[in-house]
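Have a look at the structure below, then the notes.
The values are calculated or read from the model by the stated rules, or taken from the named source; none is laboratory data. It should be emphasised that the depicted structure is a prediction, and the values quoted were computed from it without experimental measurement. Every residue, glycine as well, gets a Cβ built from its backbone with ideal geometry; the counts of neighbours run over all protein chains shown. Accessible surface areas use protein heavy atoms only, side chains included; no ligands, DNA or RNA. Shrake-Rupley method; radii C 1.70, N 1.55, O 1.52, S 1.80 Å.
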Amino acid sequence: MSSINLPVLYANDSCPYVFRARIALMYSGIEVEHREVDLDNKPPSMLEVSPKGTVPTLMLSDGSVIDESWDIVRWAIGQNDPENWIGENNAALALAEELVEKNDGEFGEPSMYYKFASYYPDRDVLQDRSDCEPFLDELENRLSKQPFTYGSEISAADIPIFPAVSGFSKIEPEWFADRFPNLNKWLDRMSASPHVQCVKFGHTPWKFEQAN
Ligand SMILES: N[C@@H](CCC(=O)N[C@@H](CS)C(=O)NCC(=O)O)C(=O)O
């Protein structure tokens, strides 16, 4: 199949930021050419368009480049938003902005140390886990009142936080389910949703030498 006019997505199956972007691209019906990147051997064509060298990087057919996952989500939803994920007067989008900032900021760093604790034997893993809890408590509180972060339906506010929170929950699943019962139920609802189910993994690395 020729993919000559499709946007190109430089991606990696294990990256939560890529997962975030791919949920939105699928939702908006935007087909892409998926190029699975080995992060230890990045393709020169990706570094040329985005020297910071992170995935996801989306190169559009007109040559423009979006190299931040949340920007890809916003762009995709801006193209096509069939279930009104942005919400009334963009309210779900505004909540999403707030949650992304916390997810990628105050939660992002300690959750990375917690997840990869074996690489950081000198760190206090319980302290790292505990530094993640204020963000998760905020979500737990929201989800004790409604099934999704913005309200009764899935929205733009659920998508960007799902991959990292899901990854976190799998480190100590029993502790997590006990500590954050409503958030845990939300993870089950999200995982079962067609918007998440349709994102497939298991890509083989893109062979850029041949393809270039
Ligand atoms: N703020 C970026 C973060 C993306 C990011 O950090 N991706 C990681 C993989 S999960 C990456 O590409 N790291 C570069 C590397 O490992 O060299 C976004 O939201 O797109």
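Below, the figures for the structure above:
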item: Helices (runs of 4 or more DSSP H) lying entirely in the stretch 140-212 (those with 1 or more residues that are aromatic (Phe, Trp, Tyr), farther than 20 Å from Pro82 by Cβ and modelled with pLDDT under 95); result: 208-211
item: Subset tally (residues that are surrounded by 21 or more Cβ atoms within 10 Å (Cβ to Cβ) and either modelled with pLDDT under 95 or more than 16 Å from the ligand (Cβ to nearest atom) (or both)) for the stretch 1-34; result: 1
item: Test: residue in the stretch 97-109 that is touching a Cys at 6+ places or on another chain (Cβ under 7 Å) and in a loop (DSSP other than H, G, I, E, B); result: yes
item: Residue list for the stretch 40-64, restricted to those being part of a helix (DSSP H, G or I) and open to solvent by 30 Å² or more (accessible area, probe 1.4 Å); result: Pro44, Leu47, Glu48, Val49
item: Top-ranked residue in the stretch 65-96 [being away from the ligand (no atom under 16 Å from the Cβ) and not in a helix (DSSP H, G or I); ranked as most open to solvent (accessible area, probe 1.4 Å)]; result: Glu83
item: Residues of the stretch 175-212 classified as of a type outside the set (Val, Ile, Thr), crowded, with 17+ Cβ neighbours inside 10 Å and within 17 Å of Ile159 (Cβ to Cβ), total; result: 5
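Per-residue answers, yes or no, for (1) among the hydrophobic types (A, V, I, L, M, F, W, C); (2) outside the structural domain of Lys170 (by TED's automatic domain parsing):
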residue	(1), (2)
Met59	yes, yes
Ser64	no, yes
Gly78	no, yes
Ala96	yes, no
Leu99	yes, no
Gly105	no, no
Ser111	no, no
Tyr119	no, no
Val125	yes, no
